[in-house]
């Protein structure tokens, strides 16, 4: 129990951040109307590809002769970035369909 | 410098999602979010490390370039009807990425030393577990959505017991790893069982529950992204992950509400668990309508509401819908589309399909508004939908659909149901709407039927 309280105190800022981010997330997302739920989901999906930052950081910190880690991490980077790029492109394609009328 | 870049990135990600609140600004919002993502990737590439990293830029730019080309290619070619499949695959890839990263970190702490506090390792194992469910679960969801035969509702005997055993095994092996011995083979076990659990988790869930599953898996990927954010001590990752988690969670809740079922009920395995529905005796005959009568009826009404369902999406008939809408509008018929929240195979799917066919989004109305407007509607045309217009949901407390919010189409002066046959809907129940006095049936594949109707309308 003490260790948990310790952990909370030492990571105070992080926990605040966590709390407010969750609230912010729910607040922002709940404003999205249902007609935009599919683009929202594919857009959010693209954002979840943000894990590739971890892959990049990992690769940059790995010794060049450690092929196991480098290979695995670059696979992680590849699949994650398909998610990122594909997600944003397809969301863009969908949303531009919603706006065709305005452009004409 | 890198901290500043991450700060801007975080701002653009949140602002981008904020702009999704209206169709006019959503496209701009998506570009902002993409900019935020670009900035954070850039930040991760240039951020300095204390012990001056090795960089290995070749290992970074090669995958990035290749994936951007692949991702763009898929995004450009994919059909809008296949959007749920694509979202599932992408979601699975995100999960896989997180799984690999947690695995590498565990591998490093185990073999190469480095940080290994208990909290850190627990975060890694948790991320490994959730990411694995998101990965294999999404892949199976993809198979189901794409209609592979073997992937229809699979229920093993003792399914729930097996699931619980798998969960307990994961907990046990993780505990062994943390507390007893740091044997890396335990991690392989945990990984293997977690991947298996993802399959078992999605296997019993049926086709029409897919909107819930996709949303839920999406929130899992978000959660594991947030956990990797903690692992790599990167606040943008944490933020991005939580935003996605929130989006997935909200959509899951909305979809469950729209079907009037608890999440547990969906996960446990669909309508079959709600007991056998007693087959009602003959409810009389259904009346069919022929091409010209239908066309005339539509052409000379003042207000028509179309209720599109999954059948329309399968038949790819959304463009024909738009064509009919245009013909009717030349005769001053008001045409609207009533969209049930679970129409289609993922949240909001039907709206995208209609937008693709150039239907103006102001013509798409949601459940509550539609239910008010039916009273002033002459004809409600139901295309390939069934359970969402079943009056039993209100009238019959023994129906498995009872309590589900539905479109009260029968309040309009008349209804026409376009349907292939009299077969029951996904919930496996007959729809008494078909037998009502003011209802007519128009049989055939959605595309053929609408084609026939359109041809007939043109002669008027």
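A short reminder: the numbers here are calculations on the coordinates, not readings from a lab. Nothing here was measured: the structure is a model prediction, and the numbers come from that model. Ideal geometry is used to build each Cβ from the backbone, glycine not excepted, and the neighbour counts take in all protein chains shown.
According to the square roots a ≥ b ≥ c of the eigenvalues of the Cα gyration tensor, what is the shape class of segment B:86-191, taking rounded for a/c under 1.5, prolate for a/b larger than b/c otherwise, and oblate for the remainder? Don't jump to the answer; show the numbers that get you there.
Details: a/c = 3.41, a/b = 1.62, b/c = 2.10.
It comes out oblate by the Cα gyration axes.
What angle, in degrees between 0 and 90 and rounded to the nearest 10, separates the Cα long axis of helix B:2-18 from the longest principal axis of the Cα atoms of chain B?
The angle comes out near 10 degrees.
Beyond 17 Å, what share of the Cα-Cα pairs of segment B:4-45 remains, rounded to the nearest whole percent?
Result: 26 percent of Cα pairs exceed 17 Å.
Residues in segment A:14-57 near a label at residue B:38, defined as backbone nitrogen under 16 Å from the 7 Å Cα→Cβ point?
A:47
For Cα pairs less than 8 Å apart in space and 6+ apart in sequence, what is the mean separation divided by the residue count of chain A, i.e. the relative contact order in percent?
With pairs under 8 Å counted, the relative contact order is 30 percent.
Given a cut-off of under 8 Å on Cα pairs at least six residues apart, what relative contact order in percent is computed for chain B?
The value is 13 percent.
Helix B:23-46: angle to the longest alpha-carbon principal axis of chain B, degrees 0 to 90, nearest 10?
That works out to roughly 10 degrees.
Compute the FRET efficiency between residue B:287 and residue B:411 as 1/(1 + (r/R0)^6), taking r as their Cβ-Cβ distance and R0 = 25 Å, and round to the nearest 0.05.
0.85
Report the paramagnetic label zone for residue B:369: residues of segment B:325-345 whose backbone N is under 15 Å from a point 7 Å from Cα along the Cα-to-Cβ axis.
B:335-341
Under a crude label model (7 Å from the Cα following the beta-carbon direction), how far is residue A:6 from residue B:22 in nanometres?
5.3
Report the FRET efficiency, 1/(1 + (r/R0)^6), for residue B:4 and residue B:253, where r is their Cβ-Cβ distance and R0 is 35 Å, rounded to 0.05. List each step's numbers first, then the result.
Details: r = 36 Å, r/R0 = 1.03.
Step by step, r from the Cβ atoms, then E = 0.45.
Suppose only helical runs count, i.e. DSSP H with n ≥ 4. What mean residue ellipticity at 222 nm does that imply for chain B under -39500 (n - 2.57) per run, divided by all residues and rounded to the nearest 500 deg cm²/dmol?
Mean residue ellipticity at 222 nm (helix-derived): -19500 deg cm²/dmol.
For the pair residue A:96 and residue B:162, how long in nm is the line joining their label points, each one 7 Å along Cα→Cβ?
Distance between label points: 4.6 nm.
Once the Cα atoms of helix B:318-330 and of chain B are each reduced to a long axis, what angle between those two axes, in degrees from 0 to 90 to the nearest 10, is obtained?
So the helix axis and the longest Cα principal axis differ by about 40 degrees.
If the label point is 7 Å along Cα→Cβ of residue B:394, which residues in segment B:327-353 have backbone nitrogen under 19 Å from it?
B:337-343
Roughly how many nanometres apart are two label points built 7 Å out from the Cα toward the Cβ at residue B:420 and residue B:329?
3.1
Relative to the present Cα-Cα distance, how much length would full extension add between residue B:438 and residue B:70 at 0.36 nm per residue of separation?
Extra length available between residue B:438 and residue B:70 comes to 127.3 nm.
So if R0 is 41 Å, what FRET efficiency would residue B:171 and residue A:27 give, r being the distance between their Cβ atoms, rounded to the nearest 0.05?
0.75
Would you compute, from DSSP H runs of 4+ residues alone, the mean residue ellipticity of chain A at 222 nm, taking -39500 (n - 2.57) per run and dividing by the full residue count, rounded to the nearest 500?
-26000 deg cm²/dmol
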